[in-house]
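Each value in this text was obtained by applying a stated rule to the coordinates, not by laboratory testing. Just so you know, these numbers come straight off a predicted model, no measurement behind them. Quick reminder, even Gly has a Cβ in these numbers, built from the backbone with ideal geometry, and neighbours come from all protein chains shown.
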Amino acid sequence: MKKIWLASGLVILLALGMYIGLRTSDSKWAGVDESVVEKFAIEAKRPPHEPLINIEHGDLPLLVFLLAGAAGGFTAGYCFRGLFPAKSES
Amino acid sequence: MKSKHRSITVILVFTSLLVLSAVPAFAMHITEGILPVQWAVLWFAVSAPFLFLGLRELSLRRQQNAQLMPMIGLVGAAVFIISCMPIPVPAAGTCSHPCGTGIAAIFIGPLLTVVVSSVALLLQALFLAHGGLSTLGANLASMGVAGAFAGYGIFILVKRLTGSWWIAAFLCGLLSDWATYSVTSLQLASALHGTAPFGKFFLTVLLAFVPTQVPLGILEGFLCVGAYRFILTRRPELLKIFTV
């Protein structure tokens, strides 16, 4: 019980500490893709392009996720016995 | 009583995650269009043999062990989540992510880690604009190949030399992360150095990653120790069944 409370307390403290730190900081919190990779790429005149298949149009990402989820779910269900075979008795 | 404790823990952890999720964050991988075509093709050529060998190993091992596929799916999902999980690093004021390929390599072997990394990177490129299709080969070479083989190699070496699983697991997580970003630096330097000396450009890019990746590498080391200990104490038979 003690361990659970200690672990939970640590997680909450960490989360709150990070939340307060991030909210009060002036930093942009850019990813290293932006702060390192893109910085050097732009300096070398190779700025990043748009994704080759850009799904960022309105609700299109939702539709694509729905279709991918449905296709993945159907495939997993269709191949269920192959994916999760029964354990042998031996 | 036990279930009550579990419920409390789950609620507390989810609350903390919700608090954290309110913070905008970003991640890495080489983005679409950054690498010139010849370099993108070269890195596809570097990654392709590892992917081919991984697919062949998957085909062989699934015939020997019918339980392998669910484990592969589970490890693949873990690599997908870990490698697009942005973590803010207050010391640097930036965000980045661990890779998860070190721990994956311990559980399923480095070649199968290349296979699961390729699926994770493809999904991230298609759905999350994280990385890119033209840079898939380069990202697979850095995260899937270098990360997995460096992590797995150091884990086996240190475990044999010291006999200590936790030192081995920590170094596996740490060095798989650093190997990934070192290869990313190499890829950027080789493609973009122009008239500047290659070595100097490589060191400049590598040093730019240091403030973010040193703490994150250490975090990934602890993540690796935690995951390995969890399996070792609860389901040690999995390590015998699935590890190479």
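On alpha carbon coordinates alone, what is the Rg over Rh value for the stretch B:122-202, Rh being the Kirkwood radius?
Looking at the stretch B:122-202, the ratio lands at 1.11.
Would you be so kind as to identify all helices of chain B, as entire DSSP H runs, whose Cα atoms reach 30 Å or more along the helix's own axis and whose mean Kyte-Doolittle hydropathy is at least 0.0?
B:37-64, B:165-192, B:198-234
With equal scatterers on the alpha carbons only and no solvent term, can you work out the Debye log10 of I(q)/I(0) for the stretch B:26-242 at 0.16 1/Å?
-1.07
Starting from the Kirkwood Rh over alpha-carbon pairs, what translational D in µm² s⁻¹ does the stretch B:182-244 have by Stokes-Einstein at 25 °C and 0.890 mPa s?
Approximately 170 µm²/s, per Stokes-Einstein.
Could you compute the net charge surrounding residue B:165? Neighbours are other residues with a C-beta less than 12 Å from the C-beta of residue B:165; K and R count +1, D and E count -1.
Net charge around residue B:165: +3.
To the nearest 0.05, what FRET efficiency results for residue A:6 and residue B:167 with a Förster distance of 25 Å applied to their C-beta separation?
Working: r = 24 Å, r/R0 = 0.98.
That pair, residue A:6 with residue B:167, gives E of 0.55.
Mind checking which of A:79, B:31, B:197 is farthest towards the positive end of the protein assembly as shown's charge dipole, using Cβ charges of +1 (Lys, Arg) and -1 (Asp, Glu) about the Cα centre?
It is A:79, whose Cα lies furthest towards the positive end.
From the square roots a ≥ b ≥ c of the eigenvalues of the alpha-carbon gyration tensor of the protein assembly as shown, which class results: rounded (a/c under 1.5), prolate (a/b over b/c), or oblate?
Rounded, since a/c falls under 1.5.
With each label point set 7 Å from Cα along the Cα-Cβ vector, what nm distance links residue B:237 and residue A:70?
4.0 nm
How much FRET efficiency would the formula 1/(1 + (r/R0)^6) give for residue B:45 and residue A:49, where r is the Cβ-Cβ distance and R0 is 25 Å, rounded to 0.05?
The value I calculate is 0.70.
With charges only on Cβ, +1 for K and R and -1 for D and E, what is the dipole size of the stretch B:26-242 about its Cα centre, in debye, rounded to 20?
560 debye
Which shape class, rounded, prolate or oblate, goes with the stretch A:12-84 when its Cα gyration tensor gives a ≥ b ≥ c as root eigenvalues, a/c under 1.5 marks rounded, and past that a/b bigger than b/c marks prolate?
oblate
Reachable aspartates and glutamates from residue B:159, Cα under 19 Å, same-chain residues fewer than 8 places away excluded?
Correct list for residue B:159: B:177, B:220, B:237.
How large is the dipole of chain A about the Cα centre if only Lys and Arg carry +1 and Asp and Glu carry -1, each at its Cβ, rounded to the nearest 20 debye?
500 debye
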